[in-house]
Amino acid sequence: MKLLISTAFLALSSFAVIADAHISFRYPCPRRGPYSECPQPNDNQWDLVDYDVQSPLGTHDQITDPICKHPSSFAGVRPTFQAGQTIAAKMDVDVNHNGGSCQWALSYDNGTTWVVIQDHFQDCLATAPAGSTYTLPVTIPANAPTGNNVILNWIWNNNEGNRELYSSCADIVIQGTNGGSLSGVAPLFANYGPSSPFIPEKAVSGGNWGQQYFAARKPITVTIPPTKLKRQIAPLK
Ligand SMILES: *[C@@H]1O[C@H](CO)[C@@H](O)[C@H](O)[C@H]1NC(C)=O
């Protein structure tokens with residue numbers, strides 16, 4: 001009996017640890033994160049700092065936050081990346097949930113449409129140590145158009161623990177072609193409220209890690225018009 005009780009306690013307490021575990025971007029800066037090297041709130045925005053920026057957007061039962069977690073960043077300088085550049089992105093890892101499936105997507109229209117630019121299925125972050133800042137590279141497509149207000153979204157479904165969706169967004173500048181299009185698939189937002197696709201825990205799923213839903217993502221192309229270069233004209237008097 002004593003053994004049973006302590007086993008039950010152990011199971012409960014390890015579940016509690018898993019349920020609390022979180023991951024977000026650390027670099028580039030996640031929206032409204034509490035990191036000193038990131039854009040800071042102004043005097044009226046201190047209550048908007050997200051000290052729990054690593055937490056998920058909710059579970060399959062309930063949505064608690066919008067995609068990206070926050071609608072905007074604090075004002076500040078956005079990092080600039082070149083089309084084709086591999087960013088040595090850094091993730092702030094609490095506990096890794098035994099990994100999961102990562103998607104990275106770009107939006108050129110303030111989060112209305114997303115194009116997936118990279119996938120890492122099944123074991124994404126599985127080897128990221130708890131409590132670490134873990135480098136997880138992401139490559140901007142070589143044909144990505146220039147954009148001064150681009151959102152880079154890291155999206156993650158975890159393998160173990162609550163059936164959660166994570167999304168951490170960084171506001172960035174991309175220097176690429178002046179106008180053009182970007183094609184890919186629209187991201188899967190699974191385990192995000194009762195009407196979203198459900199991905200079970202990998203360890204108990206009999207091999208189902210949501211592959212059918214990832215395979216069914218819809219192709220999408222976004223087109224960004226060229227910016228007309230402003231000619232240097234003396235102002236009319
Ligand atoms: C982007 O959309 C959010 C809502 O999701 C809104 O709060 C914000 O003002 C928008 N930003 C711009 C630059 O339009």
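The values are calculated or read from the model by the stated rules, or taken from the named source; none is laboratory data. Everything numeric in this text was worked out from a predicted model, so none of it was measured. Heads up, the Cβs are rebuilt from the backbone with ideal geometry, glycines too, and the neighbour counts pull from every protein chain shown.
Evaluate region 126-142: report whether one residue or more is closer than 19 Å to residue 180 by Cβ and part of a strand (DSSP E or B).
Yes, the conditions are met somewhere in region 126-142.
Yes/no matrix, rows are residues, columns are (1) of a type in the set (A, V, I, L, M, F, W, C); (2) touching a residue at least 40 places away in the same chain (Cβ under 8 Å); (3) within 16 Å of the ligand (Cβ to nearest atom):
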position	(1), (2), (3)
142	yes, yes, no
153	no, yes, yes
159	no, yes, no
162	no, yes, no
167	no, yes, yes
180	no, yes, no
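Residues of region 94-116 being more than 12 Å from the chain's Cα centre (by Cα), aliphatic (A, V, I, L, M) and at pLDDT 95 or above, which ones?
Correct list: 115 only.
Here's the yes/no breakdown for (1) away from the ligand (no atom under 16 Å from the Cβ); (2) farther than 22 Å from residue 36 by Cβ:
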position	(1), (2)
83	yes, yes
93	yes, no
101	yes, yes
104	yes, yes
112	no, yes
115	yes, yes
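Please go through region 143-161 and give me each residue that is assigned to a strand (DSSP E or B) and under 23 Å from residue 194 (Cβ atoms), ordered by number.
153, 155, 156, 157, 158
Looking only at residues in region 54-69 that are within 16 Å of the ligand (Cβ to nearest atom) and not in a strand (DSSP E or B), which one is farthest from residue 167 (Cα to Cα)?
64
Taking region 99-115 on its own, how many of its residues are part of a loop (DSSP other than H, G, I, E, B), buried (at least 17 other Cβ atoms within 10 Å of the Cβ) and not small (Gly, Ala, Ser)?
The number of residues fulfilling the criteria is 2.
If I ask for residues that are within 28 Å of residue 143 (Cα to Cα) and hydrophobic (A, V, I, L, M, F, W, C), which ones from region 48-74 would you list?
If the condition is that a residue be within 28 Å of residue 143 (Cα to Cα) and hydrophobic (A, V, I, L, M, F, W, C), then 67, 68 are the ones that fit.
Just to be sure I understand, how many residues within region 32-53 are within 16 Å of the ligand (Cβ to nearest atom), touching a Lys or Arg at 6+ places or on another chain (Cβ under 9 Å) and either in a loop (DSSP other than H, G, I, E, B) or without any contact (Cβ under 8 Å) to a residue 12 or more places away in the chain (or both)?
Number of matching residues: 5.
Go through region 162-195 and report how many residues are surrounded by fewer than 20 Cβ atoms within 10 Å (Cβ to Cβ), on the phi > 0 side of the Ramachandran plot and part of a loop (DSSP other than H, G, I, E, B).
2
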